[in-house]
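This report refers to the structure that appears directly beneath it.
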Amino acid sequence: MVGGGLFGAACAYWLASSGRRVSVIEAGSLAGGASGSGAGLVVPTTPEPYERAAERLGQRTARQVLRIAEKGFTLLRKATENGEVDCPVNTEGHIQLAVGEERTAALATRARALRADGVTTEWLSPRDLRAAVTTPLAADVRCGLLLPGGALDPTLLVLALLKAAMDLGATVHTGTAVIDVKQAAKGVRVMTTRGLVRSDAAIVAVNAWSGRLVPDLDRVITASQAQVLATEALPAIFSTGMSATVGANGTYWQQTKDGRVILGGYGPAVSVRAGNSGPLDRKPEDAVHAALTRALPRLFPAIGQFRATQRRAAPVARTADRLPVVHRVDENVWAGSGFDLNGLPLAMALSRALAIAVPSGWAPAELAPFALCRPSLRPATV
């Protein structure tokens, strides 16, 4: 297993659970990239708004992806509730806020599309929102849409998945970069900065940096910088994870039990081409940080200004059709990339499918929408 982020950790967990011997090789620290630079929101739907996904992918494929994301959320809940993976999950749902008339209309369209395909949603008036938000709303926050989902600590989830895998015999090696992954006459040769590793099979799960090891992914993966901050402890305000579009920017957040608000958004596009040898860690952008600090007072004026105690940024991989790629790139080499920011439910489901596919060589049907050769996937332009 190459990569110690969410997808790599989930693959390691499922493979170890099925009795396979697993080694995880990570160049930096566990959850040190995009997996630890999100707000920890879990929304079991398509990575982009469902009505747009249906238009882009076709209704049948969008519905299939929706069902797979729902399966991933179920797998997450079962694994955490039965104690196998020690990571608390808030399963109270996720609220998308509508700011202004245009966003209200867009949210109504989304609600209709989701309900038509069997997703339970609840339309929330400003009065309804007071049950989930204990501070006054801005005048142009018209309503909210409650979706299934929840929130968690994403770094803790990665560590918990790997701890569960290690309890089943997996090994984890950090500070070890993988230079090359090659199919051999028997199995796979993985060249690292600490020497050669031979394995029956390999999964490349380094997300934005996958093109460096799998050239076929270099042409379809782009990245934007995800940035997140943690506030000082605030009074209890939010009971669920939330998101909103303010102007052209999407912002998302949750409040932890200790009162901190974890607030995130997108920054500028970044280069992740194979020839780019820049560092894995990215410096947070001051302009993005400033925009994030303005977002909550803009939506909830009584909050006022607050102090940010931490901030973090990392490149988040995406594809032209916003779906991840999970694909067999050689006889015994698989790769997964492009999970974007709302990829956690899909990562849980697709890692489980890979735990079946890698040992057997047989790919479950649920991997089909995420193949490298799918019609909706165009070459990257950045």
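Summary of computed values
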quantity: Cβ pairs under 7 Å, 6+ apart, first in segment 29-42 and touching a residue at least 24 places away in the same chain (Cβ under 8 Å) and within 16 Å of P88 (Cα to Cα), second outside any loop (DSSP other than H, G, I, E, B) and among the aromatic types (F, W, Y); calculated: A39/Y252; A39/W253; L41/Y252; V42/F73
quantity: Any hit, segment 27-46, residues being closer than 19 Å to R198 by Cα and within 20 Å of the chain's Cα centre (by Cα); calculated: yes
quantity: Test: R318 is at pLDDT below 95, charged (D, E, K, R) and over 17 Å from the mean Cα position of the chain (by Cα); calculated: no
quantity: Matching residues, segment 299-315, being within 26 Å of the chain's Cα centre (by Cα) and not in a strand (DSSP E or B); calculated: L299
quantity: Qualifying residue in segment 337-359 (condition: more than 26 Å from A184 (Cβ to Cβ), of a type in the set (A, V, I, L, M) and surrounded by fewer than 16 Cβ atoms within 10 Å (Cβ to Cβ)); calculated: no
quantity: Verdict on V85 being touching a residue at least 40 places away in the same chain (Cβ under 8 Å) and surrounded by 21 or more Cβ atoms within 10 Å (Cβ to Cβ); calculated: yes
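Matching residues to (1) of a type in the set (A, V, I, L, M); (2) crowded, with 21+ Cβ neighbours inside 10 Å; (3) on the phi > 0 side of the Ramachandran plot; (4) modelled with pLDDT under 95:
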| residue | (1), (2), (3), (4) |
| --- | --- |
| P47 | no, yes, no, yes |
| V65 | yes, yes, no, no |
| F73 | no, yes, no, no |
| T80 | no, no, no, no |
| H94 | no, yes, no, no |
| R130 | no, no, no, yes |
| G144 | no, yes, no, no |
| G149 | no, yes, yes, no |
| V158 | yes, yes, no, no |
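The rows are residues; the columns are (1) farther than 26 Å from T240 by Cβ; (2) aliphatic (A, V, I, L, M).
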{"position": "W123", "(1), (2)": "no, no"}
{"position": "G169", "(1), (2)": "yes, no"}
{"position": "V188", "(1), (2)": "yes, yes"}
{"position": "R194", "(1), (2)": "yes, no"}
{"position": "R219", "(1), (2)": "yes, no"}
{"position": "S224", "(1), (2)": "no, no"}
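The values are calculated or read from the model by the stated rules, or taken from the named source; none is laboratory data. If you're wondering where the values come from, they're calculated on a predicted model, not measured in any experiment. Counting neighbours? That spans all protein chains shown, and the Cβs are built from the backbone with ideal geometry, glycine included.
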